[in-house]
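Below: the structure, in structure tokens.
The values are calculated or read from the model by the stated rules, or taken from the named source; none is laboratory data. It should be emphasised that the depicted structure is a prediction, and the values quoted were computed from it without experimental measurement. Ideal geometry is used to build each Cβ from the backbone, glycine not excepted, and the neighbour counts take in all protein chains shown.
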Amino acid sequence: MAAHHPTPVPPSTATATGAGALVAALVRHGVDTIFGIPGTHNLAIYEELDRAGVRCVTPRHEQGAGYAADGYARATGRPGVVVTTTGPGVVNAATALAQAYSDSSPILLVSPGVPTRHPRQGRGYLHESRDQSRALDALCEWSHRVSSVREVPAAVARAFARFAEGRPRPVHIEIPEDLLDESESGVKIVSPSRIMPRIPDPAALDQAARLLRGAVRPGFVLGGGAQAPGDGEPAVGGTAMLLAERVGARVVTTVNGKGAVPESHPLVLGATLHLAAVRRWLADCDVVLAVGTELGPAELWQDPYSLGGTLIRVDVDPGQMYGDHVADVAIVADAGLALSGLAERVAAPRSVPGSAPASVPAQRSRVHPATAWHEPSPGPDYEAELRELTRRWTGYLEAIRRALPEDTIVVGDNSMVVYHGALVAMPMDPPGRFLFPSGYGTLGFALPAGIGAKIGCPGRPVAVLAGDGAFQFSLQELAAAVELGLSLPIVVCVNGGYGQIRDEMRDRGMRPVAVDLHGPDLPALAVSYGALGREVKTPGELEETLAEALLVPLPTVIVMTENE
């Protein structure tokens, strides 16, 4: 895909319309791609986007636009931008923004609003909402309705400064419809702010380093805040592994932390924080270092949960220090700077049995507990849990892992094959990435987010993994993927409906109700969209078909059936 070069931005101060000021501000902040759907009230924005040479990607639903922007942001480290129309366009995108808030993704949603001179609410204005800005403010970091054209570029600059300053979360800017075509003089296009990373307090680093040096049973928990900041940039995880080797700590990640550190390393337990054996091990660690994670119920799969040891927390969000697990040592700082400071303060590396230095790639292996390094370990229950979790997809997930190149971005939906299966049975080393809708737990994320990731990283392989229930939430985005000519394998595991809820109903002793769904012929449906469709019966067929799909400039829907 050819690089897209937007036209030069206008002078810093000029006469501009609201739409012109918006697009000039977006371009000044490096935006060259937006996701959205044109509508009656946002035509002025699209006119300016076209004039500026900004690429406009059109999903088939505004929720898909939000997920695509989320996938783009997670894969690239750059904010994803969504443009919707008023009313239903905004509300359709709201679920995706709530997911982005949960997972700390930087997304800017721009929408028109009712005109400034709207005489009263409830008069039947097209797409009128009682207060769409206030509705979005309950789901985003903030929502702001501007009151003048001059205010538009300042609002954009505020949004991008917020993304860079701390924990990135989605924001919404509402521009009254009449301001989009209204001109004002003296409109200043604000340049991006230079935001320096938060520097850790040396005294807190000293205290944490003393605790880590003296720990007998140290454990690390790495969350999404330990991920690489963008495509091709050095991972924070490399420093985390250096520190882990120096203090002899095993490392476990949250779902959003998967791929931050090499899961082939003998000290790394992978994204297994939700396993009971791992939680017991973590509770018995005498010192726990948690980096960029909420340590919340959605990550631990247990509520409440108690840690037995001293807790060191590293996070750019000071509020995280006083959540469910209050920090004994609080390091409010950029994760990379904090980990580098800790690594400098601890002793020389210990000898890790059977491992290479963190800088040397180790041979990929199945996720496993580390070689006897310190006690207690996750114990024999660990492997038994893994086998029970993944038995329905035995062979298939290993086939997927073999077929995918090392640097693949795997985008998973909120499906059993992903959170019970791929999360633990598809080990990943950097630069591979694993994108998943954690926390808020939406369905329909994977396909549109995969489209956004592929647009943001056209030179990297991207693969989608979903269950048939989740896939049907957003399968219409196949049309967008075909239109864009994206090489995008989409592996769909069929279990005939909502398998997790079916299991939970049975666990309650009730009859499964409303969970067994009629599904379409997915390969035929893919072909009707202009994509490719395949059905596989064995892991070998899946591996071969997936490898072929990576070479085709079209999406390929690959259907497999879940084992009993």
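Collect the residues in the range 196-242 that are in contact with a Lys or Arg (Cβ under 7 Å, 6 or more places away or on another chain), over 11 Å from Val314 (Cβ atoms) and at pLDDT 95 or above, keeping them in residue-number order.
Asp206, Ala209, Gly219
Return a yes/no flag: does the range 192-202 have any residue that is surrounded by fewer than 18 Cβ atoms within 10 Å (Cβ to Cβ) and within 30 Å of Ala44 (Cβ to Cβ).
Within the range 192-202 (the criterion being surrounded by fewer than 18 Cβ atoms within 10 Å (Cβ to Cβ) and within 30 Å of Ala44 (Cβ to Cβ)), the answer is yes, since at least one residue qualifies.
Can you tell me which residues in the range 390-427 are outside any helix (DSSP H, G or I), at negative phi, touching a residue at least 40 places away in the same chain (Cβ under 8 Å) and not charged (D, E, K, R)?
Thr394, Leu404, Pro405, Thr408, Ile409, Val410, Val411, Gly412, Asn414, Ser415, Pro427
Do we have Glu541 as surrounded by 15 or more Cβ atoms within 10 Å (Cβ to Cβ), in the same structural domain as Val410 (by TED's automatic domain parsing) and out of contact with any Asp or Glu (no Cβ under 6 Å at 6 or more places or on another chain) here?
yes
Regarding Ala135, is this residue of a type in the set (A, V, I, L, M), touching a residue at least 24 places away in the same chain (Cβ under 8 Å) and within 30 Å of Leu488 (Cβ to Cβ)?
In short, no.
Looking at the range 474-483, can you tell me whether even one residue there is surrounded by fewer than 24 Cβ atoms within 10 Å (Cβ to Cβ), of a type in the set (D, E, K, R) and modelled with pLDDT under 95?
Checking the range 474-483: not a single residue is surrounded by fewer than 24 Cβ atoms within 10 Å (Cβ to Cβ), of a type in the set (D, E, K, R) and modelled with pLDDT under 95.
Report yes if some residue within the range 438-459 is surrounded by fewer than 24 Cβ atoms within 10 Å (Cβ to Cβ), in contact with an Asp or Glu (Cβ under 9 Å, 6 or more places away or on another chain) and not in a loop (DSSP other than H, G, I, E, B); otherwise report no.
No, the conditions are met nowhere in the range 438-459.
Taking only the range 544-564 into account, find how many residues are part of a helix (DSSP H, G or I) and within 26 Å of the chain's Cα centre (by Cα).
Summing the residues that are part of a helix (DSSP H, G or I) and within 26 Å of the chain's Cα centre (by Cα) in the range 544-564 gives 3.
Residue-wise test of (1) in contact (Cβ under 8 Å) with a residue 24 or more places away in the chain; (2) crowded, with 24+ Cβ neighbours inside 10 Å; (3) out of contact with any strand residue (DSSP E or B) (no Cβ under 6 Å at 6 or more places or on another chain); (4) of a type in the set (Phe, Trp, Tyr).
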position: Phe35; (1), (2), (3), (4): yes, yes, no, yes
position: Ala44; (1), (2), (3), (4): yes, no, yes, no
position: Glu62; (1), (2), (3), (4): yes, yes, yes, no
position: Ala73; (1), (2), (3), (4): yes, yes, no, no
position: Arg78; (1), (2), (3), (4): yes, no, yes, no
position: Thr84; (1), (2), (3), (4): yes, yes, no, no
position: Val91; (1), (2), (3), (4): yes, no, yes, no
position: Ala94; (1), (2), (3), (4): yes, no, yes, no
position: Ala98; (1), (2), (3), (4): yes, no, yes, no
